[in-house]
Amino acid sequence: KAGVTQTPRYLIKTRGQQVTLSCSPISGHRSVSWYQQTPGQGLQFLFEYFSETQRNKGNFPGRFSGRQFSNSRSEMNVSTLELGDSALYLCASSLSSTSGHLGEQFFGPGTRLTVL
Amino acid sequence: GENVEQHPSTLSVQEGDSAVIKCTYSDSASNYFPWYKQELGKRPQLIIDIRSNVGEKKDQRIAVTLNKTAKHFSLHITETQPEDSAVYFCAASSNVIGGTSYGKLTFGQGTILTVHP
């Protein structure tokens, strides 16, 4: 099976702009989670989607949003970019189900966002 | 919410030695504890995980132990090799639907492991 893919791999934006990142999960995986990785804060959870519904959300401002499509592909959007949003954004997919079992999360390669 | 503390932040060992990384968690509802290895410039990859119904799990040179009472879990790597050099992250999560940690991995700050030949 193909692994988790993310596009684009690198992005450079300026403050105030907005950005959309895309994540394609492993075939058959219905859960997609997003994480922000920075040297100072480490890996922090943004949100998780399952069957097009956001099931959980981390402690990030409303400028960070996401959605999931019927084919389980997910996008996250960051509006009004700030310098502090520069980070590696990782998505992860898993075989999570409605019954509760959280399967292994497989990470994508990430999108490196630089805000100037 | 869940909080995961990881120690040490850096660990340097000689090839062939053992390495131990320890994590503590705060949420008693957490019941899934994976360990990820991240090499420079690469994605995190799961190396081993443990669920709260077992106390220990082993996979070749890697083992994880869990003490639910004390809320801590540890990664043990034996016979370390230079290719084990990477950043290791512990994490905690819960599969209790509706709980604040469901579907969410809370990570420790990471341990930079260096194995000297």
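Roughly speaking, to the nearest percent, how much of chain A's 1.4 Å accessible area is carbon and sulfur?
It is 49 percent, rounded to a whole number.
Cβ under 15 Å from B:K37's Cβ, B:K37 left aside: what net charge do those residues give with Lys, Arg +1 and Asp, Glu -1?
Working: positive: B:K42, B:R43, B:R61; negative: A:E104, B:E39, B:D49, B:D59, B:E83, B:D84.
For residues surrounding B:K37, the net value is -3.
Region B:34-117: which GluC sites (Glu not before Pro) are DSSP loop and have at most 13 other beta-carbon atoms within 10 angstrom?
Values: sites: B:E39, B:E56, B:E79, B:E83; in loops: B:E39, B:E79.
Taking region B:34-117 and a limit of 13 other Cβ atoms within 10 Å, the loop GluC sites (Glu not before Pro) found are B:E39, B:E79.
Highest first, please rank the peptides B:88-94, A:16-22 by the mean number of other Cβ atoms sitting within 10 Å of their residues. Numbers along the way, then the final one.
Numbers: B:88-94: 26.1, A:16-22: 15.0.
Top to bottom by mean Cβ count within 10 Å: B:88-94, A:16-22.
Kindly provide the Kirkwood hydrodynamic radius of region B:1-114 in Å, to one decimal, from all pairs of distinct alpha carbon atoms. Don't skip to the end; give the middle numbers.
Working: mean 1/r = 0.0706 Å⁻¹.
This gives a value of 14.2 Å.
Under 14 Å from the Cβ of B:I48, count the other residues' Cβ atoms, weight Lys and Arg +1, Asp and Glu -1, and hand me the total.
0
In region A:1-103, which chymotrypsin sites (Phe, Trp or Tyr not before Pro) fall in coil by DSSP and have 15 or fewer other Cβ atoms within 10 Å?
Numbers: sites: A:Y10, A:W34, A:Y35, A:F45, A:F47, A:Y49, A:F50, A:F64, A:F69, A:Y89; in loops: A:F69.
Within region A:1-103, the qualifying chymotrypsin sites (Phe, Trp or Tyr not before Pro) (loop, at most 15 other Cβ atoms within 10 Å) are A:F69.
Of all the accessible heavy-atom surface of chain B, with the other protein chains kept in place and a 1.4 Å probe, what percent is carbon and sulfur?
Working: 2720 of 5630 Å².
The nonpolar share, carbon plus sulfur, comes to 48 percent.
Excluding ligands, DNA and RNA, what is the solvent-accessible area per residue of the protein assembly as shown at a probe of 1.4 Å, expressed in Å²? Before the final figure, lay out each step's value.
Details: 10930 Å² over 233 residues.
Accessible area per residue: 47 Å².
Rounded, prolate or oblate: which one fits chain A, using the alpha carbon gyration tensor with axes a ≥ b ≥ c (rounded when a/c is under 1.5, else prolate when a/b beats b/c, else oblate)?
Because a/c hits 1.5 or more and a/b exceeds b/c, chain A counts as prolate.
Per residue and in Å³, how big is the convex hull formed by the alpha-carbon atoms of the protein assembly as shown? Walk me through the intermediate numbers first.
Details: hull volume 28.4 nm³, N = 233.
Spread over its residues, the Cα hull of the protein assembly as shown gives 122 Å³ apiece.
Label point 7 Å out from A:R9 along Cα-to-Cβ: which residues of region B:23-50 have amide N under 18 Å?
Of the residues in region B:23-50, B:39-45 have backbone N under 18 Å from the label point off A:R9.
Ignoring ligands, DNA and RNA and using a 1.4 Å probe, state the total buried accessible area between B and A in Å², rounded to the nearest 100. Don't skip to the answer; put the middle values down first.
On the way: alone 6610 and 6220 Å², together 10930 Å².
Looking at B and A, the buried total is near 1900 Å².
For A:S51 and A:A2, FRET efficiency with R0 = 22 Å and r from the beta-carbon atoms, rounded to 0.05?
Values: r = 21 Å, r/R0 = 0.96.
So the FRET efficiency works out to roughly 0.55.
The values are calculated or read from the model by the stated rules, or taken from the named source; none is laboratory data. Remember, predicted model here, so these are calculated numbers, not experimental data. When we count neighbours, we look across all protein chains shown, and the Cβ atoms used for this are built from the backbone with ideal geometry, even at glycine. Heads up: the accessible areas ignore ligands, DNA and RNA and are worked out on the full protein's heavy atoms, side chains in. Shrake-Rupley method; radii C 1.70, N 1.55, O 1.52, S 1.80 Å.
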